[in-house]
1. What do you reckon, is ARG54 at pLDDT below 95, assigned to a helix (DSSP H, G or I) and either within 29 Å of HIS124 (Cα to Cα) or open to solvent by 70 Å² or more (accessible area, probe 1.4 Å) (or both)?
2. Run SER100 past the list (1) more than 18 Å from PRO142 (Cα to Cα); (2) touching a Leu at 6+ places or on another chain (Cβ under 7 Å) and report the number of the one that doesn't hold.
3. Could you look through region 122-137, keep only residues that are of a type in the set (A, V, I, L, M, F, W, C) and within 19 Å of the chain's Cα centre (by Cα), and pick out the one that is surrounded by the most Cβ atoms within 10 Å (Cβ to Cβ)?
4. So how many residues does region 77-92 have that are open to solvent by 50 Å² or more (accessible area, probe 1.4 Å) and either under 16 Å from ARG106 (Cβ atoms) or not charged (D, E, K, R) (or both)?
5. Got at least one residue in region 32-48 being at pLDDT 65 or above and within 30 Å of LEU3 (Cβ to Cβ)?
Amino acid sequence: MQLLDQTDRRILLALSTAAKKTGSAIATTLSLGRNTVQTRMTRLENEVLESIDRRVPPAALGYGLLSFVELHVDQRHLEDIAAQLRLIPEVLEAHGLTGSADILVRVAAKDAQELFRVHGQLLHIRGVNRADSALSMAELVPYRTTSLLAHSLQP
C-alpha cells in the first residue's frame, strides 16, 4: 500500500471537518426533491455519519501493525482511564466490555518496538492493572456497514 504524503494527509484532515456531497444525483435516482435530499444529507452528515478518519487505513500512514489489547482495570478509575487513552495517538478506539476484561483497545503501531512502547503507556495509566495483547495477523472481514444497511431495508 502506498503511503500518504503530507498533502494527502492535510486534504483528509480538511475533509474530515467539512466534507460536502452533492444531493442532485441521489435525488434523481430516488425520485425525490433535491431540497429534501440535501436537507436529509446535511442532517445525516451532522448527526449520523462518521468522520473521514474512519476510512483512512492506519497502514496508509505507516502504521501497519494492529493489536487488540484487553485492559483489566479498577472500575473506579474508568473515566480517567478513558481520558488517558484519548491522549495516545496510536489508540484507534476503545470499548468497555463485559466479561473478564474491562476495556478493549485497538492500537496501531509502525513496528513491534512501537507497539511495545504503547503497551507500556497503557500499563502506566493509573487504574490499569493488567494488559493482554493480541496481534492481528490478517483482517478477515473489514469494517463495513453497507451489508447491514441493505439487510435492514429487507422486509
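The values are calculated or read from the model by the stated rules, or taken from the named source; none is laboratory data. Bear in mind the structure is a predicted one, so any value in this text is a computation, not a measurement. When we count neighbours, we look across all protein chains shown, and the Cβ atoms used for this are built from the backbone with ideal geometry, even at glycine. Protein only, heavy atoms only, side chains kept; ligands, DNA and RNA dropped before computing areas. Shrake-Rupley method; radii C 1.70, N 1.55, O 1.52, S 1.80 Å.
1. yes
2. (2)
3. Among them, the one singled out is LEU122.
4. The qualifying residues number 6.
5. Yes: one or more hits.
Residues are listed down the side, and each one gets a yes or a no for (1) in contact with a strand residue (DSSP E or B) (Cβ under 6 Å, 6 or more places away or on another chain); (2) assigned to a loop (DSSP other than H, G, I, E, B):
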{"position": "PHE68", "(1), (2)": "yes, no"}
{"position": "ARG76", "(1), (2)": "no, no"}
{"position": "ALA83", "(1), (2)": "no, no"}
{"position": "ARG106", "(1), (2)": "yes, no"}
{"position": "PHE116", "(1), (2)": "no, no"}
{"position": "ALA138", "(1), (2)": "no, yes"}
